[in-house]
Amino acid sequence: QVQLVESGGGSVQAGGSLRLSCAASGYTRSTNCMGWFRQAPGEEREGVAAFTGGGGAYYADSVKARFTISRDNAKNTLHLQMNSLKPEDTAMYYCAARRTLGCSPLAWNRRSVYDDWGQGTQVTVSS
């Protein structure tokens with residue numbers, strides 16, 4: 001069975017930093033199609049950052065230059081370093097993965113692309 005478990009969320013003041021982690025287990029195939037989504041109350045779940053198997057990463061315009069996605073392959077863990085946090089970053093953050101080696105960069109922020117989801121970790125940024 002496949003499992004994605006997020007951690008690292010919490011409460012932080014505006015301008016602060018957090019690092020989210022997503023521990024992946026149960027995968028029998030390598031995949032580089034992994035990313036982070038977030039959902040605030042009353043809002044749609046939106047893509048934050050993702051890898052698609054090619055070079056580089058993709059980011060939502062709202063987090064570009066502030067967030068950095070990375071992966072520790074040895075530990076099967078995905079990370080999201082979040083710097084210069086703003087109150088509008090407050091949301092439940094979810095880890096997502098597709099069971100393929102790669103996927104289309106054009107669809108990195110579409111929920112339907114991903115096969116598996118974590119339970120989420122709450123990030124709250126206060127002013």
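The values are calculated or read from the model by the stated rules, or taken from the named source; none is laboratory data. Everything numeric in this text was worked out from a predicted model, so none of it was measured. So basically every Cβ, Gly included, is an ideal-geometry build from the backbone, and we count neighbours across all protein chains shown. Remember, those area values only see protein heavy atoms, side chains included, never the ligands or the DNA or RNA. Shrake-Rupley method; radii C 1.70, N 1.55, O 1.52, S 1.80 Å.
Got a sec? Which of Gly15, Gly55 is open to solvent by 20 Å² or more (accessible area, probe 1.4 Å) and on the phi > 0 side of the Ramachandran plot? Explain how you work it out, then say what you get.
Values: Gly55 fails: on the phi > 0 side of the Ramachandran plot.
Just a single option satisfies the conditions, and that option is Gly15.
So is Gly55 part of a loop (DSSP other than H, G, I, E, B), more than 16 Å from Leu4 (Cα to Cα), touching a residue at least 12 places away in the same chain (Cβ under 8 Å) and among the small types (Gly, Ala, Ser) or not? Steps first, please.
Numbers: part of a loop (DSSP other than H, G, I, E, B): yes; more than 16 Å from Leu4 (Cα to Cα): yes; touching a residue at least 12 places away in the same chain (Cβ under 8 Å): no; among the small types (Gly, Ala, Ser): yes.
For Gly55, the condition - part of a loop (DSSP other than H, G, I, E, B), more than 16 Å from Leu4 (Cα to Cα), touching a residue at least 12 places away in the same chain (Cβ under 8 Å) and among the small types (Gly, Ala, Ser) - is not met.
What number of residues within the stretch 62-101 satisfy the criterion of being small (Gly, Ala, Ser) and over 19 Å from Ser127 (Cα atoms)?
Residues of the stretch 62-101 small (Gly, Ala, Ser): 62, 65, 70, 74, 84, 91, 96-97.
If we keep only those that are over 19 Å from Ser127 (Cα atoms) as well, we get 65, 70, 74, 96-97.
Result for the stretch 62-101: 5.
Is it fair to say Cys103 is closer than 21 Å to Gly8 by Cβ and surrounded by 16 or more Cβ atoms within 10 Å (Cβ to Cβ)? Full working, then the answer.
Details: closer than 21 Å to Gly8 by Cβ: no; surrounded by 16 or more Cβ atoms within 10 Å (Cβ to Cβ): yes.
When the stated conditions are applied, Cys103 does not pass them.
If a residue must be part of a loop (DSSP other than H, G, I, E, B) and either touching an Asp or Glu at 6+ places or on another chain (Cβ under 6 Å) or small (Gly, Ala, Ser) (or both), how many such residues does the stretch 70-89 contain? Write out each step before concluding.
The first filter runs over the stretch 70-89 and keeps only residues part of a loop (DSSP other than H, G, I, E, B), leaving 76, 83-86.
With the extra rule that they be either touching an Asp or Glu at 6+ places or on another chain (Cβ under 6 Å) or small (Gly, Ala, Ser) (or both), the set shrinks to 84.
Within the stretch 70-89, residues that are part of a loop (DSSP other than H, G, I, E, B) and either touching an Asp or Glu at 6+ places or on another chain (Cβ under 6 Å) or small (Gly, Ala, Ser) (or both) number 1.
So for the stretch 58-69 (the condition being in a loop (DSSP other than H, G, I, E, B), small (Gly, Ala, Ser) and open to solvent by 30 Å² or more (accessible area, probe 1.4 Å)), does at least one residue qualify? Lay out the reasoning, then the answer.
Of the residues in the stretch 58-69, the ones in a loop (DSSP other than H, G, I, E, B) are 60-66.
Keeping just the survivors that are small (Gly, Ala, Ser) gives 60, 62, 65.
With the extra rule that they be open to solvent by 30 Å² or more (accessible area, probe 1.4 Å), the set shrinks to 62, 65.
Yes.
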